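Worksheet: the structure to be examined is printed underneath.
The values are calculated or read from the model by the stated rules, or taken from the named source; none is laboratory data. Remember, predicted model here, so these are calculated numbers, not experimental data. Cβ placement follows ideal geometry from the backbone for every residue including glycine, while neighbour counts extend to all protein chains displayed. Note: accessible area is taken over every heavy atom of the protein model, side chains too, but ligands, DNA and RNA are not part of it. Shrake-Rupley method; radii C 1.70, N 1.55, O 1.52, S 1.80 Å.
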Amino acid sequence: FFVISGYLITTILISEIAQGKFSIINFYERRARRILPALFFMLLIVSAISAVIMNPSQLKDYGQSLAANGVFLSNIFFYFKTDYWAQASELLPLLHTWSLAVEEQFYLLFPLFLTLVWRFGSNRVFWMIFAMAVVSLLLSEWGWQNWPSANFFLPITRAWELLAGSITALVLHKKGIQKNDYL
């Protein structure tokens, strides 16, 4: 999921940046139009059901997770609140939104990064992204043994997945699709 998202967003960004048509406002607007209606509908349904079946203390926790969703920080909230595989996680109906938060954090920061560094040329951008992906992957490898909950929820150890898609998009942007291209 993250690799595909990184590929798609990077492909859109580099195409628009290279053509001189990129607008950060338009990019954010398109992302909002694509994601927010489904998110709001899901939150409405889950909130209605939660209001009926949850006790007051559960509703308090649910309200906090709902607020974290509103600012795309549910991954941070759930990192502090629970372990993803903990028994109590069954009572957190918005737990699955951690991945959307990671993706939205990428959507917020990556376009800004890419517009700032694109002037250095796509080759240098490729190596910057490659280096960030390697650092993130190494942190992830260290994290699963030493800091498993943070490793699971936090974007720094998930970035390599998004950046793998970005690397693929950059390679295809430069070389195009080849008949025998394994990538």
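As a length-normalised measure over Cα pairs under 8 Å and 6 or more apart, the relative contact order of the chain settles at 36 percent. Measuring with a 1.4 angstrom probe and ignoring ligands and nucleic acids, TYR7 comes out at about 80 Å² accessible.
On the chain, 68 percent of the accessible area sits on carbon and sulfur atoms, based on a 1.4 Å probe. Any idea which of HIS173, PRO93, LEU162 is furthest toward the positive side of the dipole for the chain, if Lys and Arg beta-carbons carry +1 and Asp and Glu beta-carbons -1? After comparing all options, I get HIS173.
Ranked by the mean number of other Cβ atoms within 10 Å of their residues, highest first, the peptides 118-126, 18-26 fall in the order 118-126, 18-26. The charge dipole of segment 69-169, taken about its Cα centre with unit charges on the Cβ of Lys, Arg, Asp and Glu (plus for the first two, minus for the last two), comes to roughly 360 debye. Excluding ligands, DNA and RNA, the accessible surface per residue across the chain is 59 Å² with a 1.4 Å probe.
Helical content of the chain, expressed as a calculated mean residue ellipticity at 222 nm, amounts to -25500 deg cm²/dmol (DSSP H runs of 4 or more residues, -39,500 (n - 2.57) each, divided by residue number, nearest 500). Placing +1 on the Cβ of every Lys and Arg and -1 on the Cβ of every Asp and Glu, with no other charges, gives the chain a dipole of roughly 660 debye about its Cα centre.
In terms of its alpha-carbon gyration tensor, segment 1-86 comes out prolate; a/c meets the 1.5 threshold, and the first ratio a/b outweighs b/c.
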